[in-house]
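Below: the structure, in structure tokens.
We did not get these values from a lab; they are worked out from the coordinates using the rules stated. What you see is a predicted model; the values in this text were computed from it and never measured. Glycine gets a Cβ as well: all are built from the backbone with ideal geometry, and neighbour counts include every protein chain shown.
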Amino acid sequence: MDSLKQRRTIRKYQSKDIPADLLNDLLESACRASTVGNMQTYSVIVTRDAERKKRLAPAHFHQPMVESAPVVFTFCIDLRRFSQWCRQRKAEPGYGNFEWFVTGAIDTLLVAQTFCVAAEERGLGICYLGTTTYNPDQIVDVLELPELVFPLATVTVGWPDENPPQVDRLPLEAIVHEEVYHDYAPADIDRLYAYKESLPENHQFIAENGKETLAQVFTDVRYTKKDAEAMSKVLWETMKKQGF
Ligand SMILES: Cc1cc2nc3c(=O)[nH]c(=O)nc-3n(C[C@H](O)[C@H](O)[C@H](O)COP(=O)(O)O)c2cc1C
């Protein structure tokens, strides 16, 4: 439990490889995660080949971890394997829809995060790449994902070659609601975000981006409405193309 409190994302890796036995052991642990109906509606694509990583890189906006990590994991929603089993056993599956996309997404993230916790426990460093759902169409092509399989989360894994400081979190009182949801008064927001806003790195972030507040760096620079709407379109179209 204490090691969980010490964790941090690692983006720089040693060139040392990860033994296949260790990865298999971690994946076996990850597959003990809870899974809806014990159906395991996920698949994991393991990318070790340098050429394939190079082809994945543009989909991840060339974030250096894709090519520098010894192994890249793409955790995919997979309703295909289960549907195939049903058909081969005189059962008609009905899993190509939004409900099962969401359920598969929950299953997939549970296995991904369990894998990450297990990997960090063994001294490995991990980084999630959110770019997977920005450019799912490109990842479908590179990883040759068939119908009813959808890339949801990418995790780069390697032996740490950095020890960055931990980044802040909101205080627990910002997150936890006793019994029912308690909405935030303006003074609560001021109090709960005060520490984050006080950090020198965030002051620097505001200055570098020529903004007035930290929130504007998020809305106007990092995660804009325009980008999100364009990515939503690709996401939706790829979901349909993959049969959901
Ligand atoms: C869904 C998701 C997507 C993420 N995408 C990226 C990414 O594309 N690039 C990156 O460097 N870090 C990415 N991260 C890592 C976060 O930036 C990191 O977890 C966060 O800043 C908190 O830092 P910590 O994990 O060290 O506590 C992602 C994390 C999550 C959960």
Next item on the list: Multiply the residue gap between residue 6 and residue 196 by 0.36 nm, knock off their C-alpha separation, and tell me the result in nm, one decimal place.
Entry: 66.5 nm
Note to self: Tell me the net charge near residue 192. Cut-off is 14 Å between Cβ atoms, residue 192 excluded, with +1 for each Lys or Arg and -1 for each Asp or Glu.
What the structure shows: -3
Checklist line | Label point distance in nm, residue 144-residue 106, each placed 7 Å from Cα along Cα→Cβ | finding: 3.3
Margin query: Tell me the net charge near residue 152. Cut-off is 13 Å between Cβ atoms, residue 152 excluded, with +1 for each Lys or Arg and -1 for each Asp or Glu.
Written below: -2
Notebook entry, point to check: If you stretched the chain out fully between residue 52 and residue 14, how much longer would it get, using 0.36 nm times the residue separation minus the C-alpha to C-alpha distance?
Noted result: 11.7 nm
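Beta carbons within 10 angstrom, averaged per residue: use that to sort the peptides 73-85, 175-187, 119-131, highest first.
73-85, 119-131, 175-187
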Check: Tell me which lysines have Cα within less than 25 Å of residue 53's Cα, excluding those fewer than 8 residues away on the same chain?
Finding: 12, 16, 241
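Less than 9 Å Cβ to Cβ from residue 40, Lys/Arg counted +1 and Asp/Glu -1: what total charge do the surrounding residues give? Show your work: numbers first, answer last.
On the way: positive: 81; negative: 78, 107.
Around residue 40, the surrounding residues sum to -1.
If you place +1 on the Cβ of every Lys and Arg and -1 on the Cβ of every Asp and Glu, how big does the dipole about the Cα centre of the chain come out, in debye to the nearest 20? Walk me through the intermediate numbers first.
On the way: 28 positive and 35 negative charges, 166 e Å.
Charge dipole, the chain, about its Cα centre: 800 debye, nearest 20.
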Checklist line | Ranked by how many other beta carbons lie within 10 Å on average, peptides 87-100, 147-160 from highest | finding: 147-160, 87-100
Item checked: Percent of C-alpha pairs per 10 Å bin, the range 2-164, short to long -> 11, 38, 35, 13, 3, 0
Next item on the list: Report the residues of the range 147-185 in range of a label on residue 215: point 7 Å along Cα→C-beta, backbone N strictly under 15 Å from it.
Entry: 184-185
